[in-house]
Amino acid sequence: VKLEEHPITIHIQGTCYTLINCQLRHTDLKFYPENPRVYSALHDIDDSQHPTQEEIQECLEGMEHVKELRDLIREHGGLTEPLYVKSATMEVVEGNSRLAAYRMLAEENAVKWERVKCAILPDEVDDSAIASLLGLLHLKGKKDWKPYEQAAFLHRRHYKDGISIPNLAKEIP
């Protein structure tokens, strides 16, 4: 069941795709077995068996960055970036760690954390386009700020916006 659908567009491999931003039940979503973050940890040597959804959840829950994501999501009251979901399979092709963190929160409060922000990829987005998108996001990604840019940002948040140092530490761990 989709709520509050809002179309957005993204460009992948020179093609413009329309995605639907919406809220979905986390229980309707599946982990992507080809997720590079856990692929090597969970696929067997001859690649003949894919890990189960439970094995992926357990593997991700054990990762420190997923525990940190869980705490950030709890602190902010939800996700900042949506999960990218294949419409045909409901697999989360981007955001598996966020989904695992969200599910950890749902164990604490099933009602509050029932729905998660998603961007639904249309059926015409093939595996090659998904691989390209993942490569752009994870291999190229955003350029990190230089240390002095980071310091200037924090300085402005503290002095211009009046955010205390303890609150800045919570906002940006």
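Residues being in a helix (DSSP H, G or I) and closer than 16 Å to P33 by Cβ: count how many of those fall in the range 46-99.
Qualifying residue count, the range 46-99: 11.
Looking at L133, is it buried (at least 18 other Cβ atoms within 10 Å of the Cβ), among the aliphatic types (A, V, I, L, M) and over 18 Å from R37 (Cβ atoms)?
Considered against the rule, which asks whether it is buried (at least 18 other Cβ atoms within 10 Å of the Cβ), among the aliphatic types (A, V, I, L, M) and over 18 Å from R37 (Cβ atoms), L133 comes out as no.
Could you give me the residue pairs with C-beta distances under 9 Å whose first residue belongs to the range 76-87 and is within 25 Å of A169 (Cα to Cα) and open to solvent by less than 40 Å² (accessible area, probe 1.4 Å), whose second residue is part of a loop (DSSP other than H, G, I, E, B) and at pLDDT below 95 wherever it lies, and which are 6+ apart or on separate chains?
Pairs that qualify, where the first residue is within 25 Å of A169 (Cα to Cα) and open to solvent by less than 40 Å² (accessible area, probe 1.4 Å) and the partner is part of a loop (DSSP other than H, G, I, E, B) and at pLDDT below 95, are L79/G95; P82/G95.
Hey, any hits in the range 129-138 for a residue that's part of a loop (DSSP other than H, G, I, E, B) and aliphatic (A, V, I, L, M)?
No - not one qualifying residue is present in the range 129-138.
Test of understanding: among I120, I163, which residue is surrounded by 11 or more Cβ atoms within 10 Å (Cβ to Cβ), at pLDDT 90 or above, outside any helix (DSSP H, G or I) and not aromatic (F, W, Y)?
I120
The values are calculated or read from the model by the stated rules, or taken from the named source; none is laboratory data. Predicted model, so just to flag it, every value in this text is computed and none were measured. Counting neighbours? That spans all protein chains shown, and the Cβs are built from the backbone with ideal geometry, glycine included. In case anyone asks, the SASA skips ligands and DNA or RNA and just uses the protein heavy atoms, side chains included. Shrake-Rupley method; radii C 1.70, N 1.55, O 1.52, S 1.80 Å.
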